[in-house]
Amino acid sequence: MSVKIGNIDLGEFPLLLAPMEDVSDPPFRFVCKQGGADLMYTEFISSEGLIRDAAKSRKKLDIFEYERPIGIQIFGSDIESMREATEIATLAGPDLMDINYGCPVKNVACRGAGSALLQDIDKMVKMTEAVVKATHLPVTVKTRLGWDDNTKNVEEVAERLQDIGIQALTIHGRTRAQLYKGEADWTLIREIKRNPRVKIPIFGNGDVDSVVKAANWRLEYEVDGIMIGRAAIGYPWIFREVKHFFKTGEVLPGPTLQERITACSTHLEKSIEWKGHKTGIFEMRRHYSNYFKGLPDFKPFRMRLVSEPDVENIYEILEEVAFKFSNYDPATVMA
Ligand SMILES: Cc1cc2nc3c(=O)[nH]c(=O)nc-3n(C[C@H](O)[C@H](O)[C@H](O)COP(=O)(O)O)c2cc1C
């Protein structure tokens with residue numbers, strides 16, 4: 001059965017690309033869309049930044065037709081600012097709005113935003129209600145299991161936010177206190193799915209990094225779809241691999257070396273297109289090793305790629321990579 005958020009039909013068991021600060025920008029989203037992501041989100045955007053009209057926050061509102069369906073994610077600690085930011089973000093024309101109640105990092109959570117709202121559910125409900133009322137778009141929420149081991153209150157969050165109108169909930173199977181440590185635990189996510197009061201789609205998130213895990217956790221935790229973050233960095237094929245497995249029961253071979261080079265080049269090209277030559281090249285530097293993970297002796301190439309300021313030379317180095325590793329079978333080398 002198809003999963004729907006408002007009028008948006010995501011098909012059966014959608015795979016979502018996670019919002020990731022400094023990662024989930026339009027160039028990265030371009031390759032993930034090609035890789036098969038069914039729904040994508042922007043990086044989180046500060047509500048205060050949007051209201052101040054800060055250039056950095058504004059720029060994050062850039063979305064493109066081919067990305068649809070896409071959600072804009074906002075965060076903040078002040079209800080009125082979140083309301084105003086929702087109006088601003090809605091004008092950018094996304095398909096839905098998403099609220100971040102999961103970010104654990106100090107300068108967000110300790111300022112009363114992100115996961116901090118898990119300590120004050122009444123305020124979270126009021127904030128969410130303000131956002132829902134400020135837009136004609138469907139509103140979704142992304143959060144964690146709770147603040148810490150003693151307060152895993154996401155079930156209350158699911159019921160109360162559904163009651164005031166959110167249309168889907170993504171749960172990262174960790175508490176705020178865990179940050180990114182330990183293994184994500186999806187047990188509580190399954191309990192929410194089994195709660196007959198909860199009707200909205202529930203997406204599981206945290207640690208899905210292979211076809212096998214996606215398949216096992218789909219069955220074990222009964223979620224409506226899966227959100228994938230880190231495993232898509234440098235590996236946008238994860239979406240098509242998981243989908244292919246669900247459809248056919250077969251594991252696709254990994255991408256060929258040429259596919260890796262093409263995706264990397266596309267990412268670079270889009271990066272330059274969107275950020276300009278200098279910043280585009282500079283910010284691409286963090287991605288090279290991800291695209292070529294597992295290639296033996298890649299380091300000298302990486303060193304050259306991350307210090308090269310000229311785009312034509314970067315493409316030449318990528319051609320050298322193709323030549324040097326042409327004899328390797330990427331499916332086995334990079335596994
Ligand atoms: C570099 C990085 C940036 C992130 N930025 C955001 C963000 O802006 N908004 C958000 O809701 N979660 C953010 N997250 C959390 C991810 O969306 C996701 O919940 C988390 O990485 C667990 O999923 P994964 O194991 O599939 O990566 C970020 C994670 C990482 C690694």
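Rule-based calculations on the coordinates, nothing more; no lab input. The shown structure was predicted, so the numbers you read here are calculated from the model rather than taken from an experiment. Cβ atoms come from the backbone with ideal geometry, glycine included; neighbour counts cover every protein chain shown.
Listing for the model above:
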{"read-out": "Over 22 Å between alpha carbons, listed pairs LYS56/LYS133; LYS56/LYS270; LYS59/LYS133", "value": "LYS56/LYS133; LYS59/LYS133"}
{"read-out": "Helix axis angle, 154-163 relative to the chain longest principal axis, alpha carbon, degrees", "value": "70"}
{"read-out": "Most mobile listed residue (ALA158, ALA18, ALA55) in the chain, GNM with C-alpha springs under 10 Å", "value": "ALA55"}
{"read-out": "Set of aspartates and glutamates near LYS243 by C-alpha distance (under 15 Å), chain-local residues within fewer than 8 positions excluded", "value": "GLU12, ASP38, ASP209, ASP224"}
{"read-out": "Contour excess over end-to-end distance, with Cα ends at GLU12 and LYS213 and 0.36 nm allotted per residue", "value": "70.6 nm"}
{"read-out": "Counting DSSP beta bridges with both ends in region 4-248, the antiparallel % (nearest 5)", "value": "5"}
{"read-out": "Shape of region 27-86, Cα gyration tensor, a/c cut at 1.5", "value": "prolate"}
{"read-out": "Given 14 as the ceiling on other Cβ atoms within 10 Å, longest exposed-site-free region of the chain for GluC sites (Glu not before Pro) in DSSP loops", "value": "1-182"}
{"read-out": "Cα shape, region 257-333, gyration tensor, a/c 1.5 rule", "value": "prolate"}
{"read-out": "Check: the chain dipole with +1 on Lys, Arg Cβ and -1 on Asp, Glu Cβ, in debye", "value": "360"}
{"read-out": "Distance (nanometres) between label positions extended 7 Å along Cα→Cβ at TYR180 and THR151", "value": "2.4"}
{"read-out": "From the C-alpha gyration tensor of the chain, square roots of 5λ in Å", "value": "34, 24, 17"}
{"read-out": "FRET efficiency estimate (nearest 0.05) - Cβ-Cβ, GLU222 to ASP78, R0 51 angstrom", "value": "0.90"}
{"read-out": "Exposed chymotrypsin sites (Phe, Trp or Tyr not before Pro) absent: longest stretch of the chain, with sites in DSSP loops and at most 16 other Cβ within 10 Å deemed exposed", "value": "181-327"}
{"read-out": "Candidate aspartates and glutamates - alpha carbon under 16 Å from LYS106, same-chain residues fewer than 8 apart omitted", "value": "GLU21, ASP148"}
